[in-house]
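A.B. asks: Could you have a look at this structure, given as structure tokens, before my questions?
The values are calculated or read from the model by the stated rules, or taken from the named source; none is laboratory data. Since this is a predicted model, take the numbers as computed values, not measurements. FYI the Cβ positions are ideal-geometry reconstructions off the backbone, even for glycines, and counts take in every protein chain you see.
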Amino acid sequence: MKRPYKILLTVLILIIAAEGIAYVFQHKFIFQSTPLTENYSFTFKQPYKEYFLRTADNEKLNVLWFTPDLPAKGIILYFHGNASNLQRWGEYAIDFTSLGYEVVMMDYRGYGKSSGYAEEQLLYDDALLLWNWIKEKSTHKQTIIYGRSLGSAIASELSAKVQPDMLILETPFDELRNARMARVFYFAIPPRYKFPTKEFLAGVHCKKILLHGTDDWVVPLSSAKNLKPLLSASDEFIIIEGGGHTNLREFERYHETLKRVLP
């Protein structure tokens, strides 16, 4: 074999090997979980109860249920982003309990105290399990689904199935491949995960509120704007000037919007 062909063959082998490694490591890069021991004690400055749900394949899902000081107006199912665990995300429940809503948060498989291995379809199945469990335990007539970042796809998929009273998405992407966190893997390699928010949102018929910042380096505003054609006249697309991917709650407009749309 002539030298140029040997070099070309070596390059092709290296490219194929790199793509194979990248395909395998997509999971670890997308699902940046932080496990917790089962006896870990959460520390929050507001009342909550802790539960474990058992899945059909015998995994357990850790759930936190936060309650406001006054009788609740309704309940919010909150699906968090791709990193950390409920110790972090539970801190955000105050944004909703302060407005008079109960908040239920679940750690995905492999996150916090939840067991198992996160896979796209399993996360959709677990979200429906949580919804059905909530509907059995809750007497509230008003149920709202909230999704943040990766959770926006899960929240949208569930909403298309169950049609809640309202769907709120924070820093959503149209599909995972258009989020900057995924582009490093989705360039010239087959995507392992799709999380196509735009496909699910088309089937959601309740009121929809989308919030996004102009300076989001993880999910570009352009990705979220691809969801605008799926909104109706009564829906809202809120752009927060200067807002990033993790700090929208630091802006007054974020809280003003929640206060206005959550009756």
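A.B. asks: Which one is nearest to the chain's Cα centre (by Cα) among residues in region 124-158 that are of a type in the set (G, A, S) and over 19 Å from Y111 (Cα atoms)?
C.D. replies: The first filter runs over region 124-158 and keeps only residues of a type in the set (G, A, S), leaving 127, 138, 147, 149, 151-153, 155-156.
Filter once more, so that each one left must be over 19 Å from Y111 (Cα atoms): 138, 156.
Numbers: S138: 22, S156: 9 Å.
My answer is S156.
A.B. asks: Something else now. Here's a check for you: in region 144-170, which residue that is of a type in the set (D, E, K, R) and in contact with a Lys or Arg (Cβ under 8 Å, 6 or more places away or on another chain) is farthest from G81 (Cα to Cα)? Let's see the steps before the verdict.
C.D. replies: The initial filter retains those residues of region 144-170 that are of a type in the set (D, E, K, R), namely 148, 157, 161, 165, 170.
Next, from what is left, pick out any that are in contact with a Lys or Arg (Cβ under 8 Å, 6 or more places away or on another chain): 165, 170.
Numbers: D165: 22, E170: 10 Å.
Here the residue is D165.
A.B. asks: Moving to a separate point now. Can you name the condition, by its number, that G100 falls short on among (1) over 14 Å from the mean Cα position of the chain (by Cα); (2) at pLDDT 95 or above; (3) at negative phi; (4) surrounded by fewer than 16 Cβ atoms within 10 Å (Cβ to Cβ)?
C.D. replies: Answer for G100: the failing condition is (3).
A.B. asks: Return the residues of region 229-263 that are loosely packed, with under 13 Cβ neighbours inside 10 Å and in contact (Cβ under 8 Å) with a residue 12 or more places away in the chain; say none if nothing qualifies.
C.D. replies: Residues satisfying the conditions are S232, S234, E241, G242, K259, P263.
A.B. asks: Taking region 128-153 only, how many residues are hydrophobic (A, V, I, L, M, F, W, C) and either closer than 22 Å to I94 by Cα or free of Cβ contacts under 8 Å to residues at least 24 places away in the same chain (or both)? Outline the logic, then answer.
C.D. replies: Taking region 128-153 and keeping what is hydrophobic (A, V, I, L, M, F, W, C), we get 128-131, 133-134, 144-145, 150, 153.
Subsequent filtering for residues that are either closer than 22 Å to I94 by Cα or free of Cβ contacts under 8 Å to residues at least 24 places away in the same chain (or both) retains 130-131, 134, 144-145, 150.
Residues in region 128-153 being hydrophobic (A, V, I, L, M, F, W, C) and either closer than 22 Å to I94 by Cα or free of Cβ contacts under 8 Å to residues at least 24 places away in the same chain (or both): 6 in total.
A.B. asks: Among the residues of region 202-229, write down those that are under 26 Å from F251 (Cα atoms), among the aliphatic types (A, V, I, L, M) and touching a strand residue (DSSP E or B) at 6+ places or on another chain (Cβ under 8 Å).
C.D. replies: I209, L210, L211, V219, L221, A224, L227
A.B. asks: Spot the failing condition for K45; the list is (1) surrounded by 20 or more Cβ atoms within 10 Å (Cβ to Cβ); (2) out of contact with any strand residue (DSSP E or B) (no Cβ under 9 Å at 6 or more places or on another chain), and only one is missed.
C.D. replies: All conditions are met except number (1).
A.B. asks: Please identify the pairs in which a residue from region 72-88 that is surrounded by 24 or more Cβ atoms within 10 Å (Cβ to Cβ) has its Cβ atom under 7 Å from the Cβ atom of a residue that is assigned to a strand (DSSP E or B) and of a type in the set (G, A, S), counting only partners at least 6 apart or on another chain.
C.D. replies: Qualifying pairs under 7 Å: F79/G147; L86/G112.
A.B. asks: For V204, indicate whether it is touching a helix residue (DSSP H, G or I) at 6+ places or on another chain (Cβ under 8 Å), β-branched (V, I, T), assigned to a loop (DSSP other than H, G, I, E, B) and in contact (Cβ under 8 Å) with a residue 60 or more places away in the chain. Walk me through it before giving the result.
C.D. replies: On the way: touching a helix residue (DSSP H, G or I) at 6+ places or on another chain (Cβ under 8 Å): yes; β-branched (V, I, T): yes; assigned to a loop (DSSP other than H, G, I, E, B): yes; in contact (Cβ under 8 Å) with a residue 60 or more places away in the chain: no.
Here the answer is no, as V204 does not meet what is asked.
A.B. asks: Out of all the residues in region 61-73, is one or more of a type outside the set (V, I, T), modelled with pLDDT of 95 or more, out of contact with any Gly (no Cβ under 8 Å at 6 or more places or on another chain) and over 13 Å from R109 (Cα atoms)?
C.D. replies: yes
A.B. asks: Among the residues of region 96-138, count how many are closer than 16 Å to W65 by Cβ, basic (K, R) and touching a Phe, Trp or Tyr at 6+ places or on another chain (Cβ under 8 Å).
C.D. replies: Residues in region 96-138 being closer than 16 Å to W65 by Cβ, basic (K, R) and touching a Phe, Trp or Tyr at 6+ places or on another chain (Cβ under 8 Å): 1 in total.
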